[in-house]
Each structure stands twice: as C-alpha cells, then as structure tokens.
1. Report, by residue number, each residue of segment 99-111 that is at pLDDT 95 or above and not hydrophobic (A, V, I, L, M, F, W, C).
2. With the condition kept exactly as written, say whether any residue in segment 254-264 is touching a helix residue (DSSP H, G or I) at 6+ places or on another chain (Cβ under 7 Å), open to solvent by less than 20 Å² (accessible area, probe 1.4 Å) and in a helix (DSSP H, G or I).
3. All but one of (1) in a loop (DSSP other than H, G, I, E, B); (2) surrounded by fewer than 14 Cβ atoms within 10 Å (Cβ to Cβ) hold for Leu171, so report the exception by its number.
4. How many of the residues making up segment 398-416 are open to solvent by less than 90 Å² (accessible area, probe 1.4 Å) and out of contact with any strand residue (DSSP E or B) (no Cβ under 8 Å at 6 or more places or on another chain)?
5. Give just the number: which of (1) modelled with pLDDT of 95 or more; (2) within 23 Å of Gly105 (Cα to Cα) does Arg26 not satisfy?
6. Note down all Cβ pairs under 6 Å where the first residue falls in segment 123-139 and is under 15 Å from Arg12 (Cβ atoms) and in a helix (DSSP H, G or I), the second is open to solvent by less than 70 Å² (accessible area, probe 1.4 Å) and of a type outside the set (Asp, Glu), and they're at least six residues apart or on different chains.
7. Out of Ala34, Ala53, I need the residue that is surrounded by 23 or more Cβ atoms within 10 Å (Cβ to Cβ), within 17 Å of Thr21 (Cβ to Cβ) and either of a type in the set (Phe, Trp, Tyr) or modelled with pLDDT of 95 or more (or both). Which one?
Amino acid sequence: MTARGIIIGAPRSGSGKTSVTIGILRALSRRGIAVRGAKSGPDYIDPGFHAAATGLPGVNLDSWAMAPALLNSLASDAAREAELVFVESAMGLFDGIPGEPGRSGSAADLARLYGLPVLLVLDVSGQSQTAAAVAKGFAAYDPEVRIAGVVLNRLGSERHRRLAGDAIEALGLPVVGAILRDPTLNLPERHLGLVQAEEHADLMAHLDRLADMVERSLDLDRIMALAAPMPSAAADFSGALPPPGQRIALAQDAAFTFLYPHLAAHWRNAGAEIVPFSPLADEAPREDCDVCWLPGGYPELHAAKLAAAGNFRAGLKKFAETKPVHGECGGFMVLGEALEDADGETREMLGLLGHSTSFARRKMNLGYRRAKLLADCPLGPAGTVVRGHEFHYAQMTAPGNDEKLAELADGQGNALGAFGGRRGHVTGTFFHAIAKG
C-alpha cells in the first residue's frame, strides 16, 4: 500500500502536538486503520510512543542528518507499511539550523519536499482572537508549506473555543479540533524530555485516554481527508550506518534505551542479528557476539546499580579484550572511570576509558554534530564522516588520556575540536550517530 501523510506542527515545543499525535495514532489504530507515526529531527523518545500507539515501528525523518536518498527511502518505507502516516514536528514547525536549502532539520523541510499538508496545533491558553493572527502568520510565512487545518488546544470554555475558532475560520483555515484543558492528559517528563514509553506502568491505558480525548475533540474524518499522498522512492540505504558486526550485543534496559529505530531496522535488514542484554539485570554481552554497543539512556539514574553489577562489569571487560565495544552518550559515561549522580555520589564505572562525568554539575549540551572518525571503530573506518546529534546534561569532569575518536563540528560546520575516546577495542562519544555524512 502507499500511504497518505500529514505533518502535525506547532509554533513551539510544549504546544501539545505530541499528545495530539499519539491520540490520533491510537484512535485510528483502534479503528483498524494501518497508521504509522514519524518524527522530524533527532528526537529518539517520541518514536517509542508512536510505536506503542500503532503497533508499527516509529521512524525519524531528519533532513539535516540524513542524505536525501536515505531520507526518501525511510519515508517511502513508512508509506508502504501504512494507510496513513502522521509526521510529528520537533520544536516549532520551521525550527531548524541555517544551512543548505532543504537540509535544516525542520518539519517544514519535509512539508516542502513531499508536498505534505500541515495540521497546526495551537496552544490558545491566555489568548482568544489573537490565535488567528498566529495562524495567519503560519499560513503566509512560506507559500510552499500549506497549513491545511488547525487544532485548538488547552481551551478554557466553549466561549473560548468560539472566539478563537471563529476568528481562525474567518481566514479560510478550517478548525478541525478543539481540546479543553485537562492536566491529567499530560505525559510525564524528565531532564531529556518525556519519560519513555516503556517506563509507563499503565502505558496503554494512558494512550487510550488520549485516543478517547481525540475522538471527543477532533474531527478525525476531516483530518484524514486532509492528508496527501506520501512519496515513493527506490530503496537507497547507502547513506545508512552499516551494521557494526554480524551479531551485535546491545545493552537494553532502563539505563540504555536511546537507539534510533532506523539504525536497528537497517542492521537487521542487512542481515545482522541484535542480541539484547541488560546491565541492570547484571547480564554481560554474550561471548558469541562480535561487537557490543552501549546506547544512550539514563545511567545517571541507575549509577549505584551499575557500579554493583559485578557480572556485567567483568563480562564486558573480558569482551573488550578481543572485540569492539562502542558507547554513545550514556554508554560513553558508563565506559569511563566514574560517574557522579544527581545526589553527588560518585560511582565507579567500567574504567575501559579514562574520563569521568558528572550529572550533579549539570550543563545542557544540545545540537547537531558532524564527526570525522580518526580511527576504525563500530561507526565506520577512519575518515568516515558521520552525522549525529548531542543532547545531555552531564559534563566531563576529568578528560582522561585516551586517544580522541573524532574531529567534531557543529551542524553549521564550525569546528569543535577532537572529542570522544578510544583505547584498544573500546570507543565512545557523547553524540548519537544517525547516518553517514
């Protein structure tokens, strides 16, 4: 099948587009419609909610980090597996980084590239008719980005709905939903964004509450009618990161969670086997694997348990004597000598690299990264350029004396110096790799 698609955008983060997206996905899935969620940009949490709501894998569509052929292939794959695709914008609809046309990382890039209409979610709390001025600005800002409908969020009353909705519809923009304020529908958050889907004890009950809200508050038939055909492209995954090995030991539990869905999917499609293990359950990577990958996550919330996981520690150290081990962000922190948690307690980590990190002394690091590898590693051979993203509050408190892994630049090409670490078979970096650069 070839799906129709629509982008769900907003003026800013916090407007409620995630709850609206998840509610729509779950409501349509309950109707028996094959619906799939996608996320613009590098967010690695929301695709988990999309997958839970639909039963189909989430996917990132990142116009900055992914070469056009890879981006088109992932979008086309999503379209083949669904009747409808809802692409949730990161941040505001037009928010991205300056650079070459069409590669800002914004959801607006996807709207232009694929001709997808936009469903605009407006948080109208604290305003009424002024919402029409905001909507008009979005409609006029870029003629290649079509605002097809508006959802009013966080309304206080029926009168509030009439004042804001009538003013917007007078512009010729259809209002296809109106949601009353309800704090019980908010998804819980922590320092890196939403608490992840798999951490909710009553996840499906919450998704169904969001779906019930959507059924009450949105005209789903009108919204589905707004969607436009998704693109169809020949498969070209030459820009994807290849599997780091034939059998990949992947740390996977509440401390290690941030692996982009498209990476795991491509590795499996390329014939690799992913073998999960849980450091928090004191499991070590299986000896018959040929590479170990420690993804990002929340090791700072589980530092004491990781420090006490003797079998995990001994097993990974033995594995690293002969086989590659790579850590990203949280995984990189665990590969170091020590980690200071939020309470100021310093815990011994694996010591396979020489740095130490602290979550108690927080400083946000956020942005796209372009890395040129200085040595062969699970990300690729020396000289490979990799695009990725960095988002963490932990900071380095001791750099160690290891060789650096990569020369790093930000998303606009400004040099940041040499970063990451490598020692023997072990490598790590704070940035999450997304695709070849």
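The values are calculated or read from the model by the stated rules, or taken from the named source; none is laboratory data. Keep in mind that this is a model prediction, so the values were computed, not measured. For neighbour counting, all protein chains shown are included, and Cβ atoms are generated from backbone atoms with ideal geometry for every residue, glycine included. Surface accessibility is based on the protein's heavy atoms, side chains included, excluding ligands, DNA and RNA. Shrake-Rupley method; radii C 1.70, N 1.55, O 1.52, S 1.80 Å.
1. Residues of segment 99-111 that are at pLDDT 95 or above, as a first pass: 102-111.
Selection gives Gly102, Arg103, Ser104, Gly105, Ser106, Asp109.
2. Yes, segment 254-264 contains a residue that is touching a helix residue (DSSP H, G or I) at 6+ places or on another chain (Cβ under 7 Å), open to solvent by less than 20 Å² (accessible area, probe 1.4 Å) and in a helix (DSSP H, G or I).
3. Here Leu171 meets the rest and fails (2).
4. 2
5. (2)
6. Partner pairs satisfying both residue conditions: Ala131/Leu122; Ala131/Val124; Ala131/Ala164; Ala135/Val150; Ala135/Ile168; Ala135/Leu173; Phe138/Leu120; Phe138/Ile147.
7. On the way: Ala34 fails: surrounded by 23 or more Cβ atoms within 10 Å (Cβ to Cβ).
Within the list Ala34, Ala53, the selection yields Ala53.
A quick yes/no check of all residues on (1) modelled with pLDDT under 95; (2) under 23 Å from the mean Cα position of the chain (by Cα):
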| position | (1), (2) |
| --- | --- |
| Gln395 | yes, yes |
| Glu403 | no, no |
| Leu416 | no, no |
| Arg422 | no, no |
| Gly428 | no, yes |
| Ala433 | no, yes |
